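The values are calculated or read from the model by the stated rules, or taken from the named source; none is laboratory data. These numbers come from a predicted model, not from an experiment. FYI the Cβ positions are ideal-geometry reconstructions off the backbone, even for glycines, and counts take in every protein chain you see.
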Amino acid sequence: MGSNMAEAHPVGFQWVMEAKTRGATVLHIDPRFTRTSALADKHVPLRAGSDIAFLGGVINHILSNDLDFREYVQAYTNASFLVSEEFVDTEDLDGLFSGYDPDTSTYDTSTWQYENGFPEDSVEGDRHREQSAGEQHGSGGPKLESGTGIATDETLQHPRCVFQILKRHFSRYTPEMVERICGVSRDDFLEVCRAWTSASGREHTAALVYSVGWTQHSMGAQYIRAGAIIQLLLGNIGRPGGGVLALRGHASIQGSTDIPTLYNLLPGYLPMPDARHAGKADYVESIRGTHQKGYWHNADDYLVSLLKEYWGEAASEENDYRFDYLPRIDGDHGTYRTVMDMIDGKVFGYFLLGQNPAVGSAHGRLQRLGMANLDWLVVRDLTMIESAEFWRNAPEIETGEIVAEQCRTEVFFFPAASHVEKEGTFTQTQRMLQWRDRAVEPRGDQRSELWFIYHLGRLLRRKLARSTDDRDRPLQDLAWDYRTEGDGDFPEPSADDVLRRINGVDLTTGELLDSYLQLRSDGTTAAGCWIYSGVYAGGVNRARNRTARTEQDETALEWGWAWPANRRVLYNRASADPQGRPWSERKKLVWWDAERGEWTGHDVPDFPKTTPPGFEPEYGEAGPGALAGDDPFIMQADGKAWLFAPSGVVDGPLPTHYEPHESPMPNLLYGQQGSPARKVYSRADNPSNPAPPESGGEVFPFVFTAARLTEHHTAGGMSRQLAYLSELQPALFVEVSPQLAAERGLTNLDWAHVVTSRAAVDARVLVTERMRPLRLDGRVVHQVWMPYHWGPSGKVDGDIVNDLLGVVLDPNTLIQESKVATCDIRPGRRPRGRELLEYLAEYRRRAGVTVATGSHVLTADTAGSDAAAPGMTVSDATVSDRPAPDTTAPDTTDREEDA
Amino acid sequence: MGVSDWIRSWPVYRQLTGADRLGRGDAAASPQSRERQPRTADADRVAASVCPYCAVGCAQNVYVGSDAAGERVLQIEGNPDSPVSRGRLCPKGSASKQLVTGDHREDRVLYRPAYGTEWQELDLPTAMDMLADRVLDARRKGWQETDAHGNPLRRTQGIASLGGATLDNEENYLIKKLFTALGAVQIENQARI
């Protein structure tokens, strides 16, 4: 679901076809019929943005018909745990959970806690959302004060046990409701349910694959939670042939999250410190509970080892390992907020390191206007991309919004080395690091990012060497002594040396570490990313392992290295039953060897090696020693998989169907229309199309969705310049159904333009039955699909599809809702120049779009609260074409309704 | 050449009478095609690499040869040893030789001054030095020592970065480390997008 694997990840798709030839059933549930659908046993089209309604229907089907894998669910999930009496579900609050604050549109999650668990500190949902807190659990699960002593009901009958809460929550997700919301017939839906639930139990598993078709929604994390709940109920996590598999879209996007260049994370998913953390101890206490189970309890070891790698000798116990050198965050510093800050004149310099946001980020106009209002911009890329030349080829040149002679931004273009001209590791989508050798040297001024950052740092340190300003100390004390190769003033730094220091070193012996279990908080170890400790185990670069697949078993532990500890299937203790025996012979992966007193198997066991299956920890025990023998989820604070999330997810402990920010449909399940915690930026330069209960939505009556083609790559910087690929996919097009083509007078291969309140985009029309009109609640809804790879540069050019989108974000991840919006489509080409601005203004006027449109996120009928009144009475001026004046004061919310 | 040899030299004859009934192997060969050899045959060495496009992580073999101008990439192919990809590459991966050797690659630092309408050339050390000065200036202009309650922030909001997800782990590590030491917090990545 949410994936077109055959076209976006074609080489990975060979394994789906391999499974199919061995008898697996392949189901493809996705808005558009694609090559993935063509190769599947069944394709089920659904409305973009309705996946949680569909998945909730599957959960309800499982629970209503007792189809869960009960032994697995009872032992390995939190199904039996009791939840606080204060918790109130969406059933009783018209689509809200307890703890909602209408003023900040965030949740206080304290009522979602377990009963008998140690009381959680008051949780400020506002702060959590601003810091994309949901994303900070990429390695360790969210904090609980205690992992033991939680009240349970093993019979799963108690009305407040997770299992019963789940049952009630999803009871209204009936096949009839799925049909009305998603446009999926009852027969198709039940066929999916039968196939999915049959791949469950001791002998069978099902794998669930998703991509950004799930992630890029205002509730993307909840889509994935819904899929995970199904997989847990069916016992399909931690087992061979199971899992929830995220197909990520870039060579090292997994690595970019593990070793993040993200504002809210330090390496290994340690959160960036907050302004309110008094010191290191305070920080550590805030990210893990004193009595929680598992390996995240040792977060202090991971943090101190990082600080020792950052500041070396300068970091000592006496100075709190220089925790005070870390800059603090206190709100949303994400890429979209930052771009708005550029427009508002608060940011002066911007580095684009292999990234082309003028084409690749949502709301391209916002991106380009931001770039046009800087002191300086650095672009490092293989080729001249749109983001480097916005001052002469942006669409705003034609409309007069950007004029080169009046644009003050200095632009530095540095040519980059390619993947064969430098060495280093990529981390692919299954957490596996693969080292690349350098094949040839780069030419001219082409350099690696490693070279660029290393030497920029060296120059900055030189310029500040004599500074006595306290703010320069972190830079002066920085351990920046990486080995270099070659001569001259600007030698190439050694990626191998950097990887060794990411892996970690025992500072008392100088030896490389073998595992994160060796990390210490007493300053005797230094390691840049604790989850990558072990990549250099035994002094060998294991990311470089290349034992041929024909010379090892199918787990292939000798090819590359997967974090953590080279485990290929996470939480694989769950591949054995509670007694430690494989659930079945044919689904055997990891098991308890009673004779040797240890876990063993085909994969590296993901469990304390010698903790026997029947082990029970003492009450109040903490850390790895508190894991019971049947606690496979060793990074979770209670050792169990969470059907219900008592913390860590900021927009609800259970997935709930809300309509996308822009939708032609009212929410048929609750009064609450869209996600009540979604992040909205109400600014004149970021207008929204109206959605129920607002009026005017009929001006943008169609559902818009976008995705990749096989032959191009994201914003096109690595594909539109290549003759082969440009010839294969030469032009931007828009797919519409024959019915929509007839309704709007669109002709195959002729021009049409797609319109939102942000932009109008030209494309060739492709009339195809791959797009199917959906019957929803008695009306027909059309969907429109576009690929998004084009821009004004390259061997083939075209309009920028991302310009159509506005900025509204998932509160857990601050990722934009770019997989669904509403739009209009008209035959012929769009107007150009100033006429285009007038054309868009006219659309907004007809739809009644104001700054307030879409900003009233609370629509539930809550007793005693009138805040639910939809924004129909607001009479703000129509959104203008110019950026909003600066009305943002620090520490305010992002609602700028007065703009 | 006798008549029978002449007839036997016909590809269609060989296809109908030999083992290569589909005409995709030996039957279709000619004296010219027999003399041809793959461009990988001239390679001095093969470097182990990984495809730079999506996250499947297909293994690549990079064939390197040399001529008067120095070493160059002759061909990039899938590595059949890989348990991930079994030697396959998609259209993008198959085109990656063009990605690294194509004439679209820039090889000089370019500079567009404020209010400029054309690129200018700049030598690399000068550009790095100019940039270092500008980083310090932007850092200073956006510096925030404390928040409204006096809590330490020790950061600058004057500098932002957005990185692609085709950077190496080692590169991302240094980016985060340097910017963190500078106090820059708006350090972001495609992973957010």
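Here segment A:331-385 is the region considered, the condition is being polar (S, T, N, Q) and in a helix (DSSP H, G or I), and the residue that is farthest from the other protein chains (Cβ to nearest Cβ) is A:Q367.
Within segment A:572-595, the set of residues being in contact with a helix residue (DSSP H, G or I) (Cβ under 9 Å, 6 or more places away or on another chain) and over 18 Å from A:I634 (Cβ atoms) comprises A:P582, A:W583, A:K587, A:K588. Within segment A:635-673, being touching a helix residue (DSSP H, G or I) at 6+ places or on another chain (Cβ under 6 Å) and either of a type in the set (A, V, I, L, M) or closer than 17 Å to A:G289 by Cα (or both) holds for A:M635, A:A641, A:L643, A:P646, A:S647, A:G648, A:V649, A:V650, A:L654, A:L668.
Kindly provide the set of residues from segment B:166-187 that are within 16 Å of A:L352 (Cβ to Cβ) and in contact (Cβ under 8 Å) with a residue 40 or more places away in the chain, ordered by number. Listed by number, the residues that qualify are B:T166, B:A184. When A:A278 is tested against the conditions (1) surrounded by fewer than 23 Cβ atoms within 10 Å (Cβ to Cβ); (2) in a helix (DSSP H, G or I), the lone failure is (2).
Number of residues in segment A:731-764 that are without any contact (Cβ under 8 Å) to a residue 40 or more places away in the chain and either buried (at least 16 other Cβ atoms within 10 Å of the Cβ) or over 23 Å from A:G49 (Cα atoms) (or both): the value is 7.
Taking segment A:501-517 as the range and being charged (D, E, K, R) and either farther than 19 Å from A:W435 by Cα or out of contact with any Ser or Thr (no Cβ under 9 Å at 6 or more places or on another chain) (or both) as the test, the residues that pass are A:R501, A:D506, A:E511.
Checked across segment A:454-476, the condition of being under 28 Å from B:A59 (Cβ atoms), under 35 Å from the mean Cα position of the chain (by Cα), within 14 Å of chain B (Cβ to nearest Cβ) and among the small types (G, A, S) holds for no residue. Scanning segment B:125-158 for residues that are within 36 Å of the chain's Cα centre (by Cα), facing chain A (nearest Cβ under 7 Å) and more than 24 Å from A:A417 (Cα to Cα) yields B:L136, B:A138, B:G142, B:R155, B:Q157, B:G158. Exactly one residue out of A:T555, A:T524, A:T547 is without any contact (Cβ under 8 Å) to a residue 60 or more places away in the chain and away from every other protein chain (no Cβ under 14 Å): that is A:T524.
Inside segment B:160-193, can you point out the residues that are within 7 Å of chain A (Cβ to nearest Cβ) and in a strand (DSSP E or B)?
Residues satisfying the conditions are B:A160, B:S161, B:L162, B:G163, B:V185, B:Q186, B:I187, B:E188, B:N189.
Once segment A:485-521 is narrowed to residues that are at pLDDT below 95 and within 14 Å of chain B (Cβ to nearest Cβ), the residue that is farthest from the chain's Cα centre (by Cα) is A:G488. Do we have any residue at all in segment A:544-558 that's touching a Lys or Arg at 6+ places or on another chain (Cβ under 9 Å), buried (at least 20 other Cβ atoms within 10 Å of the Cβ) and part of a loop (DSSP other than H, G, I, E, B)? No, every residue in segment A:544-558 fails to be touching a Lys or Arg at 6+ places or on another chain (Cβ under 9 Å), buried (at least 20 other Cβ atoms within 10 Å of the Cβ) and part of a loop (DSSP other than H, G, I, E, B).
For the condition closer than 21 Å to A:A760 by Cα and either at pLDDT 95 or above or among the acidic types (D, E) (or both), what is the one hit in A:A362, A:A404, A:A388, A:A439?
Working: A:A404 fails: closer than 21 Å to A:A760 by Cα; A:A388 fails: closer than 21 Å to A:A760 by Cα; A:A439 fails: closer than 21 Å to A:A760 by Cα.
None of the other options fit; the residue is A:A362.
When B:R8, B:R39, B:R45, B:R21 are screened for being surrounded by fewer than 16 Cβ atoms within 10 Å (Cβ to Cβ) and either touching a residue at least 40 places away in the same chain (Cβ under 8 Å) or under 14 Å from A:V420 (Cβ atoms) (or both), only B:R45 passes. Among the residues making up segment B:125-159, those that are in a loop (DSSP other than H, G, I, E, B) and of a type outside the set (D, E, K, R) are B:G142, B:A148, B:H149, B:G150, B:N151.
Only one entry in A:A439, A:A404 is without any contact (Cβ under 8 Å) to a residue 40 or more places away in the chain, of a type in the set (A, V, I, L, M), within 7 Å of another protein chain (Cβ to nearest Cβ) and buried (at least 24 other Cβ atoms within 10 Å of the Cβ), namely A:A439.
Of all residues in segment B:50-93, those satisfying the criterion of being more than 7 Å from chain A (Cβ to nearest Cβ), among the polar types (S, T, N, Q) and touching a Gly at 6+ places or on another chain (Cβ under 8 Å) are B:Q60, B:N61, B:N79. Exactly one residue out of A:F69, A:F13, A:F81, A:F87 is of a type in the set (F, W, Y) and within 14 Å of chain B (Cβ to nearest Cβ): that is A:F13. At least 2 residues being polar (S, T, N, Q) and modelled with pLDDT of 95 or more is the threshold, and among the helices (runs of 4 or more DSSP H) wholly inside segment A:32-143 those reaching it are A:35-39, A:51-64.
Please go through segment B:79-124 and give me each residue that is β-branched (V, I, T), in a helix (DSSP H, G or I) and buried (at least 18 other Cβ atoms within 10 Å of the Cβ), ordered by number. B:V100, the sole residue that qualifies. Checking each residue in segment A:674-693 for being out of contact with any helix residue (DSSP H, G or I) (no Cβ under 9 Å at 6 or more places or on another chain), surrounded by 20 or more Cβ atoms within 10 Å (Cβ to Cβ) and of a type outside the set (G, A, S) picks out A:P676, A:R678, A:V680. Figure legend. Inter-residue proximity from segment A:835-846: first residues over 18 Å from A:P701 (Cβ atoms), second residues at pLDDT below 95 and not acidic (D, E), beta-carbon distance below 9 Å, spacing 6+ or different chains. Indicated pairs: A:A841/A:T878; A:A841/A:V879; A:A841/A:S880.
Checked against (1) at negative phi; (2) out of contact with any His (no Cβ under 7 Å at 6 or more places or on another chain); (3) of a type in the set (A, V, I, L, M, F, W, C), A:L814 passes all but condition (1). From the list A:L245, A:L266, the lone residue that is crowded, with 21+ Cβ neighbours inside 10 Å, among the aliphatic types (A, V, I, L, M) and closer than 30 Å to A:T714 by Cα is A:L266. Within segment A:310-329, the set of residues being at the interface with another protein chain (Cβ under 8 Å from one of its Cβ atoms) and either within 21 Å of the chain's Cα centre (by Cα) or at positive phi (or both) comprises A:I329 only.
Take the conditions (1) touching a Lys or Arg at 6+ places or on another chain (Cβ under 9 Å); (2) farther than 25 Å from B:T166 by Cα; (3) of a type in the set (D, E); A:E317 misses just one of them, which is (1).
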